[in-house]
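Q: Okay, handing you the structure first.
None of the figures in this text is laboratory data; all of them are computed from the coordinates on show. This is a predicted model, so every value here is computed, not measured. All Cβ positions, glycine included, derive from the backbone under ideal geometry; neighbour counts span all protein chains shown.
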Amino acid sequence: MIEDACQAHGAMWQGKRAGTWGDLGVFSFYPGKNLGCYGDGGAVCTRQPRFVKKMRILRNLGQEVKHNHEAIAYNSRLDTIQAAILRAKLKHLDEWNDARRQAALRYNSLLEGLPVKIPSEAKDSQSVYHLYVIEAENRDELVKALNDAGIGAQTHYPKPVHLQPCYRSLDIREGNLPAAERASKHVLSLPMYAEITQEQQAYIAEKLKEFFKK
């Protein structure tokens, strides 16, 4: 099982961290992630020795020994500067995640009573709120109103994966996955980062209330 933990650095379920449940755990270090470098980067984690050699070969042009290519592969080595940045930031990850969780709790309180669906956490889980995603009717108009007020709200996934052109060969048609399709029309992300202030969140909530009053 390959576990996609690309947006879940530090998240937990039943006391166990995301990325450690599967045979392989995959993380992204894109700059916007909870643990991000200054460019593109990522990592694959495993406790199973049988996968280690294969991953090392696949990340390094298909070679274990230089100029001896055992597989058609990639050039996916994390460069030293990015690794140094991540190493320096890693010790702050739990602190930053705690700040995101506190910001999410403030949002939950500020948005109470508004006609929006706020995030919820499953039993025995702990989110690290890479994003704070709500659902609302008139999503596109709401995003525009927030943007016009200087708030960086956005829609991260306006088209569900099964309707992307690259998956046409699967013949999964519109209407086949109604929950995903409905979410794609209603979700939007409010600003979320470790340093967001109470004043900024209060302003965002105020603009949301103004929109729904209209």
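Q: May I ask you to order 39-50, 18-29 by the average number of other C-beta atoms within 10 Å around their residues, highest value first? Kindly include the intermediate steps, with their values, before the conclusion.
A: On the way: 39-50: 13.6, 18-29: 18.3.
Listed from highest to lowest mean packing, they are 18-29, 39-50.
Q: Mind running the shape call on region 2-90? Use the C-alpha gyration tensor, a ≥ b ≥ c as the square roots of the eigenvalues: rounded below 1.5 for a/c, prolate if a/b tops b/c, oblate otherwise.
A: Numbers: a/c = 2.60, a/b = 1.35, b/c = 1.92.
Oblate, since a/c reaches 1.5 and b/c is not below a/b.
Q: Enumerate the calculated ³J(HN,Hα) couplings along region 163-176 in order (Karplus 6.51 cos²θ - 1.76 cosθ + 1.60, θ = phi - 60°), each rounded to whole Hz, writing x wherever the residue is Gly or Pro.
A: 9, 6, x, 5, 10, 4, 5, 6, 6, 8, 8, 4, x, 6
Q: Please get the size of the charge dipole for the chain, origin at its Cα centre, with Cβ charges of +1 on Lys and Arg and -1 on Asp and Glu, quoted in debye to the nearest 20. Provide the component values of the computation, followed by the final result.
A: Working: 30 positive and 25 negative charges, 121 e Å.
Dipole size: approximately 580 debye.
Q: Quick query: amide H of GLN154 versus all other amide H atoms, modeled in the peptide plane; which residues come in under 5 Å with a sequence gap of 5 or more or a different chain?
A: Answer set, sorted by chain and number: SER189.
Q: Ordered by residue, what ³J(HN,Hα) values in Hz, to whole numbers, does region 120-128 give under the Karplus form 6.51 cos²θ - 1.76 cosθ + 1.60, where θ = phi - 60° and Gly and Pro are x?
A: Each residue of region 120-128 in turn: 9, 9, 5, 4, 6, 10, 9, 7, 10 Hz.
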